[in-house]
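Let me begin by presenting the structure, written as structure tokens, before commenting on it.
Where a number appears in this text, it was derived from the coordinates with a stated rule and is not lab data. Here the structure is a predicted model, which is why all the values come from computation and not from measurement. Here the Cβ positions follow ideal geometry from the backbone for every residue, glycine too, while neighbour counts run over all protein chains shown.
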Amino acid sequence: MTEVAFHFNAPDKLAYACRFARKAQRSGVRVVIVASADALAQIDGMLWRMQPQDFVAHCRADADEELLQHSPVVLAADAREAPHQELLLNLGDAVPEGFSSFERLVEVVSATDESDRSEARSRWRHYASRGYQITRHDLVLKAD
């Protein structure tokens, strides 16, 4: 069964996704980041602008097959487009279709956007009602 974790109180979800991707890549973990098209475009740009020592190899889900197979981070609008199912990072409002094919799912929740927080509560209820054990990570407490 997919391991589900919620990372709450992210001051900037997109910046957090970039740091998360960098850490995952350094740990040898392959990640699929799911978000809206606009958010994916922003993340793509942010990843390219990271310092050289922080470079995160990545591609979009519509890249050619060889690039997809070698990219540790894939940006996708739909999790079902993913070339691997190790870790799914969801920045979207909805439960990602196909999430259950991944080993792990991480939901990122804003610190200040009440709409985002409300949607996250709905996703939490969805996973809990289906028997998923949920791990909670409060990013504010972690930073202290």
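Determine which member of the set Glu119, Glu107, Glu103, Glu81 is buried (at least 22 other Cβ atoms within 10 Å of the Cβ) and of a type in the set (Asp, Glu).
Exactly one of Glu119, Glu107, Glu103, Glu81 is buried (at least 22 other Cβ atoms within 10 Å of the Cβ) and of a type in the set (Asp, Glu), namely Glu107.
Just one of the numbered conditions (1) closer than 20 Å to Arg123 by Cα; (2) free of Cβ contacts under 8 Å to residues at least 40 places away in the same chain; (3) touching an Asp or Glu at 6+ places or on another chain (Cβ under 6 Å) is not true of Ala61; which one?
(1)
Could you look through the stretch 19-65, keep only residues that are closer than 28 Å to Asp93 by Cβ and aromatic (Phe, Trp, Tyr), and pick out the one that is surrounded by the most Cβ atoms within 10 Å (Cβ to Cβ)?
Here the answer is Phe20.
Report yes if Val56 is in contact with a Gly (Cβ under 7 Å, 6 or more places away or on another chain) and β-branched (Val, Ile, Thr), otherwise no.
Judged against the criteria, Val56 is not a match.
Without any contact (Cβ under 8 Å) to a residue 24 or more places away in the chain, surrounded by fewer than 12 Cβ atoms within 10 Å (Cβ to Cβ) and either in contact with a strand residue (DSSP E or B) (Cβ under 7 Å, 6 or more places away or on another chain) or not polar (S, T, N, Q) (or both) - does that describe any residue in the stretch 66-78?
Yes: one or more hits.
Taking the condition of a type in the set (Val, Ile, Thr) and within 23 Å of Ala41 (Cβ to Cβ), does Val106 pass?
Yes: the conditions hold for Val106.
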